[in-house]
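**Q** First, the structure itself, so that you have it in front of you.
Any read-out appearing in this document is the output of simple, stated calculations on the displayed coordinates, not a laboratory observation. Fair warning: this is a prediction, and the values are worked out from it, not measured in the lab. Here the Cβ positions follow ideal geometry from the backbone for every residue, glycine too, while neighbour counts run over all protein chains shown.
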Amino acid sequence: MCEETHFYRPAEGHGLAHDPFNALVAPRPIGWISSRDRNGVLNLAPYSFFNAFNYHPPIVAFSSIGFKDSVRNAEQTGEFCWNLVTRPLSDAMNETCRAVGPEVDEFALSGVTPAPSRVIAVPHVAESPVRFECRVSQVLQLAGADGEELDTWMVFGEVVGVHIAGRLLRNGIYDTAGAEPILRGGGPADYFKVDASQKFQMHRPE
């Protein structure tokens, strides 16, 4: 017997209480992006469309629906930082979701500390145990299958500096669960925390 499924064409609407797309592609790492505009004003904002895309050189990217401050700043200065969001930092990250003007410093708003980076001019979140200093490699405007450009922008950055808290390195191996990272789920407010109880190992076949 075939299981009953809910099928919909996105262009025609999902017919549910909440758009399920974000919940289906989940949980997702959070792109907590720090940037600076050409006048030196700091910005800190979370993006739920974020991931890593290459090993050598390491490349990460975040996607912004709308040409927001983070995109503008990255394009202007050619730099941004990614800051790992952990469970203890979740409330501070949530504060940086506020819709505020470009003149507002979200570091101050959320109560986290801007710390100088080693390679680039953009500061990172001192309280975050893992940070990537990035130089912009590409800024792309996305388009639909029909070729029509969307008001969505993907910012790719080459990671040129990596900070890892020493307590998270065990025999030279990064302890993912030890950092207590949180990930974006779906619905209006769902997040998930990674902890050691969820870990299993599976080696690639030779």
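**Q** In debye, nearest 20: dipole of the range 18-194 around its Cα centre with unit charges on the Cβ of K, R (+) and D, E (-)?
**A** Working: 14 positive and 20 negative charges, 137 e Å.
Using only the charged Cβ atoms, the result is roughly 660 debye.
**Q** With N set to the residue count of the range 18-194, report its C-alpha Rg divided by 2.2 N^0.38 Å to two decimal places.
**A** On the way: Rg = 15.7 Å, N = 177, 2.2 N^0.38 = 15.7 Å.
So the range 18-194 has a normalised radius of gyration of 1.00.
**Q** What whole number of Å gives the distance from the Cα centroid of the range 12-39 to the Cα centroid of the range 111-145?
**A** One Cα centre to the other: 18 Å.
**Q** Give me Lys199, Lys68 sorted ascending by neighbouring Cβ count inside 10 Å, so fewest comes first.
**A** Numbers: Lys199 9, Lys68 16.
The fewest-first ordering by Cβ neighbours comes to Lys199, Lys68.
**Q** What 222 nm value per residue comes from the helices of the chain, counting each DSSP H run with n ≥ 4 as -39,500 (n - 2.57) and dividing by all residues, nearest 500 deg cm²/dmol? Don't jump to the answer; show the numbers that get you there.
**A** Details: 4 runs with 24 residues, N = 206.
Value at 222 nm, helices only, nearest 500: -2500 deg cm²/dmol.
**Q** Would you mind telling me which residue in Val130, Val25, Val160 has the biggest mean-square fluctuation in a Gaussian network model of the chain, where springs connect alpha carbons within a distance under 10 angstrom?
**A** Its mean-square fluctuation being the largest, the pick is Val25.
**Q** Of Leu150, Leu89, Leu42, how do they rank once you tally other Cβ atoms within 10 Å and put the fewest first? Each step should come with its number before you reach the end.
**A** On the way: Leu150 10, Leu89 22, Leu42 18.
Fewest-to-most ranking of Leu150, Leu89, Leu42: Leu150, Leu42, Leu89.
**Q** With r defined as the distance between the Cβ atoms of Tyr55 and Ala189 and R0 fixed at 45 Å, what FRET efficiency is calculated, to the nearest 0.05?
**A** Numbers: r = 34 Å, r/R0 = 0.75.
Computed FRET efficiency for Tyr55 and Ala189 comes out at 0.85.
**Q** Now, a different point. Return the single residue from Cys81, Cys134, Cys97 with maximal mean-square fluctuation; model: Gaussian network over the chain, springs between Cα atoms under 10 Å.
**A** Looking only at Cys81, Cys134, Cys97, the largest GNM fluctuation is found for Cys97.
**Q** Return the loop-located GluC sites (Glu not before Pro) in the range 47-112 (DSSP other than H, G, I, E, B) with at most 13 other Cβ atoms within 10 Å of their own Cβ; answer none if there are none.
**A** Working: sites: Glu75, Glu79, Glu95, Glu103, Glu106; in loops: Glu103.
Loop-located and lightly packed - Glu103.
**Q** Can you tell me the FRET efficiency between His203 and Ala165 if r is taken as the Cβ-Cβ distance and R0 is 30 Å, rounded to the nearest 0.05? All intermediate terms of the calculation are to be shown ahead of the outcome.
**A** Details: r = 27 Å, r/R0 = 0.90.
Efficiency computed from Cβ-Cβ geometry: 0.65.
**Q** For the pair Cys2 and Arg87, how long in nm is the line joining their label points, each one 7 Å along Cα→Cβ?
**A** The two pseudo-label positions are separated by 4.2 nm.
**Q** Right, another one. For Glu148, Glu180, Glu206, what ranking results if the residue with the fewest other Cβ atoms within 10 Å of its Cβ goes first? All intermediate terms of the calculation are to be shown ahead of the outcome.
**A** On the way: Glu148 7, Glu180 18, Glu206 3.
Listed from fewest to most nearby Cβ atoms, that is Glu206, Glu148, Glu180.
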